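The values are calculated or read from the model by the stated rules, or taken from the named source; none is laboratory data. This is a predicted model, so every value here is computed, not measured. Here the Cβ is made from the backbone with ideal geometry for all residues, glycine too, and neighbour counts use every protein chain on show.
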């Protein structure tokens, strides 16, 4: 087990103290979770990664451990190592070594029920089913919601250590995208590009924070298959983010021409998406409601498609009727932190401010975040344009658009299957700080990075 | 979803037919399993990998699918795609496309209960808890053991397609070890070596078949931590195996000097382990009982340590009293195939021939395999030498050794914490075929591959 550096340990001490201050008299239980198996039960997925809540508060991934925070006193409950463990996994660090290295109290896991006895307990969800079962065995937990609200209030605004983690994730993510662009050429399967990007991350001791999407079929939004062979006329959409050794996520999408040169039709749509992203990033300031940013993207995309002759009619009307969403069916982004969709395990309680709920409008319902931005929040901004058959060929989806959708003109953009441009943006009191801005983005930058043109 | 190549499809057709022939009237249910989450529930581990039984019989990883084999008729039951799925994951392949591409019948998963009604059903275990729950819901399964025995009888001896998979895994594994050796230098943390090896695999579109062990503390047998910094006098133990895109496992261990030169004490012990491995590999012939090979390793190691003055007394007596196991506490190897410990999900039913059970002797109890070798089986041969404090400092463990353990002499080998040398061996009618023989192994080969000497 790798203990956190002293600066991270101190950050975690402060985080636990800040959590306790938000808990009132409630006792918070935060399980790390345990390794999950792959291909057969005894073969674990690797490396083990604790739940983000645990990682945020402890600074290390410790299998099966449970953190208890109560009135400013933190106790890490650890499973007992057996003689078998010592043979196969080495002698565990002593409790005093851990207590010093992590800056908290340490106790055997068997003492957890006694620690919680007579207290008002709330728990944060473990990432795995076994963890869930272990929690159920602890008995009634009246204060889950209070603990969730306290941790959300804490993790929403990133502290200096967190910003450092996001910066490292961003740097590696940008480097991987450059490598992916340079590795692209017609005739190779997409997995060779993924492989080059993964290799670049591996050299940094990193993996990915989510399953990479690297596909010439960018219109399949969650396309995790990588066997398609790249053709010279394709755009390659790559949505790939690093995860640092400390667990912080990067999340960047770039879309580049396999040949190294955008076609005219590809460039035209690309510029629309790029303009939408620029407009949205400019709005990433304290006080802006995130839904407003989403609607900005919708308007810029609707206007751009109107300018290209693909849509007709009044832009506000197009957006009000979700016509833009036929081409941009997802939300403009989400929180990012230790989770790529930060705190999504807590549902919309994290992403939506109290009193706000998901819209049932097609053009708004996929929005994962609707809070007023504050300094320290980090979000993605990721507008896109896609020609999804399941939308464009479904009369019930296109009915509202009517003749405002100009299919004859759209047909001239058949080589644009999917484009997305995504960056990670830290909100500061001075405005947006694009953590991933070094990734090639303009048409000229992207073409130069792919080369071969 | 990537369909298998025609040759693999045909191999899978033959495998299912061979399974059916072993089933009698029993209906076999083989679930693929489903993605497991990492850091939060909606973020899956990637890439999805079906259970090895499913992969062996279908040739592709299909989430939540269930294969039913009944009297030579195979039906793949698939979950129904929703409209949401089409938007986010693209239109699923049609049932007829799948039926042709996989060479079997296809039906909606909802029809599974009807397919099984009135039949004697046995199931192979899914890799995940959800799959287990889904199986329980199917009702009584009288024939699990029969289905397990039939699949064991099939997977024990690898067919040509399987051997091809093992060869590809071996080639990539060997290449990764060469890269790891070349990347080693004093002053870097172990994860930089792991990263270089992972990067080499990533370029091939591969990952690892099990969590890599790359550590200067080779005496910690299952050491998945990679933060130790390498010192010039260290040996680095690297147990790393590729997993091919088709799911086949490689499993190789090499131990090399960080400086590029073994010390005299390191070389002396290394030669003992190497001699043990050579003797064991020579015995990998049809008809040899695998436990006999384990005992050969025990004897060669005991003799070698006696020759070095670390042990005293009669070699057979040392082995009978498990004195060798103070330094070689694990088994000589295991089956290898789609699982790195092939079919370990079925327990000793796979590894132990009928009528044979695990010994409770310390020197034999960790042996994962005790069958008579047959052509087509693939096994690892991995003798080792370790100085494990949990063994050598435990008087109850060392009591039997008495003064046959010469601690004063052992102290001269303090720079040998752990050495293991492991290869993957295919049993052929003509004898052993070492699939991973291209990995540097002699002292001279290893020193040359590390370089810097």
Residue A:225 fails exactly one of the following numbered conditions: (1) in contact (Cβ under 8 Å) with a residue 40 or more places away in the chain; (2) surrounded by fewer than 19 Cβ atoms within 10 Å (Cβ to Cβ); (3) within 12 Å of chain B (Cβ to nearest Cβ); (4) within 21 Å of the chain's Cα centre (by Cα). What is the number of that condition?
(1)
Every residue in region A:16-44 that is part of a strand (DSSP E or B) and crowded, with 22+ Cβ neighbours inside 10 Å, please.
A:27, A:28, A:29, A:30, A:31, A:38
Residue list for region B:133-154, restricted to those being more than 21 Å from residue B:352 (Cβ to Cβ) and loosely packed, with under 15 Cβ neighbours inside 10 Å
B:133, B:136, B:137, B:139, B:140, B:142
From A:321, A:360, residue being modelled with pLDDT under 95 and more than 16 Å from the chain's Cα centre (by Cα)
A:360
Could you please find all residues in region A:206-216 being within 7 Å of chain B (Cβ to nearest Cβ) and touching a residue at least 40 places away in the same chain (Cβ under 8 Å)?
A:210
Counting only residues that are assigned to a loop (DSSP other than H, G, I, E, B) and under 23 Å from residue B:448 (Cβ atoms), which one in region B:172-205 is nearest to the other protein chains (Cβ to nearest Cβ)?
B:188
Considering only residues that are closer than 17 Å to residue B:256 by Cβ and in contact with a strand residue (DSSP E or B) (Cβ under 8 Å, 6 or more places away or on another chain), look in region B:192-216 and name the one that is surrounded by the fewest Cβ atoms within 10 Å (Cβ to Cβ).
B:216
Keeping to region A:1-20, report how many residues are more than 14 Å from every other protein chain (Cβ to nearest Cβ) and touching a residue at least 12 places away in the same chain (Cβ under 8 Å).
13
Given (1) more than 24 Å from residue B:321 (Cα to Cα); (2) in contact (Cβ under 8 Å) with a residue 12 or more places away in the chain, index of the condition residue B:444 fails:
(2)
Within region B:82-96, can you find the residues that are in a helix (DSSP H, G or I) and either modelled with pLDDT under 85 or more than 7 Å from every other protein chain (Cβ to nearest Cβ) (or both)?
B:83, B:84, B:85, B:86, B:87, B:95, B:96
So residue B:157 fits all but one of (1) closer than 30 Å to residue A:219 by Cα; (2) surrounded by fewer than 18 Cβ atoms within 10 Å (Cβ to Cβ); what number is the exception?
(1)
Selected residue (criterion: nearest to the chain's Cα centre (by Cα)) from residues of region A:324-348 that are within 12 Å of another protein chain (Cβ to nearest Cβ) and assigned to a helix (DSSP H, G or I):
A:344
Please work out if residue A:391 is surrounded by 15 or more Cβ atoms within 10 Å (Cβ to Cβ), touching a residue at least 24 places away in the same chain (Cβ under 8 Å) and out of contact with any strand residue (DSSP E or B) (no Cβ under 9 Å at 6 or more places or on another chain).
yes
Taking the stated definitions as given, is residue B:361 touching a strand residue (DSSP E or B) at 6+ places or on another chain (Cβ under 6 Å), more than 30 Å from residue B:174 (Cβ to Cβ), part of a loop (DSSP other than H, G, I, E, B) and in contact (Cβ under 8 Å) with a residue 12 or more places away in the chain?
no
Within region B:440-448, is there a residue that is away from chain A (no Cβ under 14 Å), in contact with a strand residue (DSSP E or B) (Cβ under 6 Å, 6 or more places away or on another chain), assigned to a helix (DSSP H, G or I) and at pLDDT 95 or above?
yes
If you go through B:162, B:150, B:169, the only one that is in a helix (DSSP H, G or I), in contact with a helix residue (DSSP H, G or I) (Cβ under 6 Å, 6 or more places away or on another chain), at pLDDT 95 or above and more than 9 Å from chain A (Cβ to nearest Cβ) is B:150
In the list A:57, A:115, A:67, A:76, which residue meets the criterion of being touching a strand residue (DSSP E or B) at 6+ places or on another chain (Cβ under 8 Å), modelled with pLDDT of 90 or more, closer than 30 Å to residue B:43 by Cα and assigned to a helix (DSSP H, G or I)?
A:57
